[in-house]
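Taking it in order: structure first as structure tokens, then the write-up.
The values are calculated or read from the model by the stated rules, or taken from the named source; none is laboratory data. A quick note: this is a predicted structure, and the numbers were derived from the prediction, not measured. Virtual Cβ from ideal backbone geometry, glycine too; neighbours counted across all protein chains shown. Areas reflect the complete protein model, heavy atoms only, side chains present, ligands, DNA and RNA absent. Shrake-Rupley method; radii C 1.70, N 1.55, O 1.52, S 1.80 Å.
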Amino acid sequence: MGVTGPPGPVMDRDEVDRALARLGAEHEAIETSLLALQDHAGRRLLEGAELTGVTQERWTAAEASITLLWAYFDAYTAALRGAREIRSRRRWSSREDLAELTELLRGESVTVAGSTVATANAPTLHGGSGKLSERFTLAALVDRMNELYASSLDMVVAADAVWSALPARIDLLAAELQRTRKLAHSVGVRPGEHPAGDDLERITRTLTDLRAQVVSDPLAFWRPAQGSSAPGGGKPDTTVYDREARALEDVRREIDAVLTVRQDAEARLVKLRDVLSRADRTLAEARTARGEVLAKIAATEVPVVSGPPTALQEQLATAAEYRRHGQWHRLSPLLESLEEKAEDELLRARESLTAVTQPLAVRAELRGRLDAYKAKVARHGLAEDPFLIERYDAARRMLWSAPCDLRVAEQAVLRYQRAAVELLGTPRVAEQDGPEDRRGETRS
């Protein structure tokens, strides 16, 4: 849609012919635009839809605008036809014809009946419906049609864009939702029994409501482009859709995790039993070792060894029960918890065994140190030295007798070590306070 020239003095024939040519081209452009709007898929959908909210309000105004557009166009067509008839009276238009044409082409020569204006009830009209008629110049009439056309097209294009984008995407997401629901039910993820089942119910309700709202009030989901004056400038608002799509993806990951549990449950249960069995065997070994330490080592604090964790065995039995009954959604978190606790239990059992057998390890280290010095003495030809033999036998009796007093035994080993050092001519071994230093180092 274009604009005619400004009013002025009486036009000559060339000016009239050029104006009529412009008006004719403009008439064709206006008619093409109106017919395109009339055939627009969005307009046809709006006519047949049960609308609500902002879309209903704007479509009521747009329908009135479109009705008024055709009334204006008919008046414009009649004015153009009248001007052409005047120009066609004679080849060389008279002064009177040119004055009449000037008034028709540049003056307020177009009249729209008040009944038409009142019936259309378009919101962009100036003045009230009480007027008997409205008068326009051709330029002003074109401006008015441009305003009505732009607002009507903007509304139609926006509604059509939302309808073209959102319902189809919602339907695809709903189909994916149904597949996920079936998969969830197959692994026991149901509403009221698992959080993911509750999420699926909420997503279902939200998508159902969202689709109904989009169909009845598409403009509520239209986000106009900032600073754009072009009809249809903007994009559909997919905030709610995107949020539910992300929520469904989170549920799918949860279901996949449960499916993984179903596939790997037996292997994980076997591994759990093995870890707990190793922990039990380690604790049993620690209890046996504690009895041995109490019998063989004197004056030593030996930590108490706890029994096997019955709570873990009960939970393991529960996990096996869940697997037998296909309660994968319950088995999944239980297995994860059990695997962590079982590893902790095995570590605790190993630490208990280490703590219990520490005195035996100290005794073994002292025995090894004593024999090492005896071998060193023998290499230097002092194995038959009476003093060294006496010291060696004293230390050996203490280390190989039960119960063994580690502190006294260590002092005996140190005495043998110092005697050997003195005979070998090496620096003396410093006095040591007790069994805390068990490495047999020589220090000056």
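Could you please find all residues in segment 403-421 being under 20 Å from Ala295 (Cβ atoms) and either in a helix (DSSP H, G or I) or out of contact with any helix residue (DSSP H, G or I) (no Cβ under 9 Å at 6 or more places or on another chain) (or both)? Full working, then the answer.
Step one: list which residues in segment 403-421 are under 20 Å from Ala295 (Cβ atoms), which gives 403-410.
Scanning segment 403-421 gives Leu406, Arg407, Val408, Ala409, Glu410.
For segment 39-64, how many residues are charged (D, E, K, R) and buried (at least 21 other Cβ atoms within 10 Å of the Cβ)?
Residues of segment 39-64 that are charged (D, E, K, R), as a first pass: 39, 43-44, 47, 50, 57-58, 63.
Narrowing the set further to residues that are buried (at least 21 other Cβ atoms within 10 Å of the Cβ) leaves 43, 58.
The qualifying residues number 2.
Identify all residues within segment 272-308 that are open to solvent by 70 Å² or more (accessible area, probe 1.4 Å) and among the hydrophobic types (A, V, I, L, M, F, W, C); write none if there are none.
Leu294, Ala299, Val304
Consider Ser93 carefully, then state whether it is surrounded by fewer than 16 Cβ atoms within 10 Å (Cβ to Cβ) and modelled with pLDDT under 85.
Numbers: surrounded by fewer than 16 Cβ atoms within 10 Å (Cβ to Cβ): no; modelled with pLDDT under 85: yes.
No.
Which one is nearest to the chain's Cα centre (by Cα), of the residues in segment 65-85 that are open to solvent by 20 Å² or more (accessible area, probe 1.4 Å) and of a type in the set (S, T, N, Q)?
If we take residues in segment 65-85 being open to solvent by 20 Å² or more (accessible area, probe 1.4 Å) and of a type in the set (S, T, N, Q), then Thr67 is nearest to the chain's Cα centre (by Cα).
Out of the residues in segment 158-193 meeting the condition of being touching a Lys or Arg at 6+ places or on another chain (Cβ under 8 Å) and closer than 21 Å to Ser332 by Cβ, tell me which one is surrounded by the most Cβ atoms within 10 Å (Cβ to Cβ).
Only one residue tops the list, namely Ala184.
Scan segment 164-183 residue by residue and report those that are out of contact with any Leu (no Cβ under 9 Å at 6 or more places or on another chain), among the basic types (Lys, Arg) and more than 27 Å from Leu45 (Cα to Cα).
Arg179, Lys182
Pick from segment 369-380 the residues that are farther than 14 Å from Arg391 by Cα and without any contact (Cβ under 8 Å) to a residue 60 or more places away in the chain: which of them is most open to solvent (accessible area, probe 1.4 Å)?
Arg379
Looking only at segment 314-333, which residues are part of a helix (DSSP H, G or I) and either touching a Gly at 6+ places or on another chain (Cβ under 9 Å) or crowded, with 17+ Cβ neighbours inside 10 Å (or both)?
Residues of segment 314-333 that are part of a helix (DSSP H, G or I), as a first pass: 314-324, 328-333.
The answer is Gln315, Leu316, Ala319, Tyr322, Arg323, Trp328, His329, Arg330, Leu331, Ser332.
Is it fair to say Arg106 is of a type in the set (Lys, Arg) and surrounded by fewer than 20 Cβ atoms within 10 Å (Cβ to Cβ)? Break it down stepwise before answering.
Values: of a type in the set (Lys, Arg): yes; surrounded by fewer than 20 Cβ atoms within 10 Å (Cβ to Cβ): no.
Here the answer is no, as Arg106 does not meet what is asked.
Looking at Ala311, Ala355, which is the one that is of a type outside the set (Lys, Arg), open to solvent by 30 Å² or more (accessible area, probe 1.4 Å) and within 30 Å of Glu410 (Cα to Cα)?
Values: Ala311 fails: within 30 Å of Glu410 (Cα to Cα).
Only one candidate passes the filter, namely Ala355.
Quickly run through segment 381-402 and pick out the residues that are assigned to a loop (DSSP other than H, G, I, E, B), under 27 Å from Ile297 (Cα atoms) and free of Cβ contacts under 8 Å to residues at least 60 places away in the same chain. Full working, then the answer.
Kept after step one, since they are assigned to a loop (DSSP other than H, G, I, E, B), are these residues of segment 381-402: 381-385, 400-402.
Filter again for under 27 Å from Ile297 (Cα atoms), leaving 400-402.
Within segment 381-402, Trp400, Ser401 qualify.
Out of all the residues in segment 253-271, which are under 13 Å from Ala184 (Cα atoms) and open to solvent by 80 Å² or more (accessible area, probe 1.4 Å)?
Passing the criteria: Arg253, Arg262.
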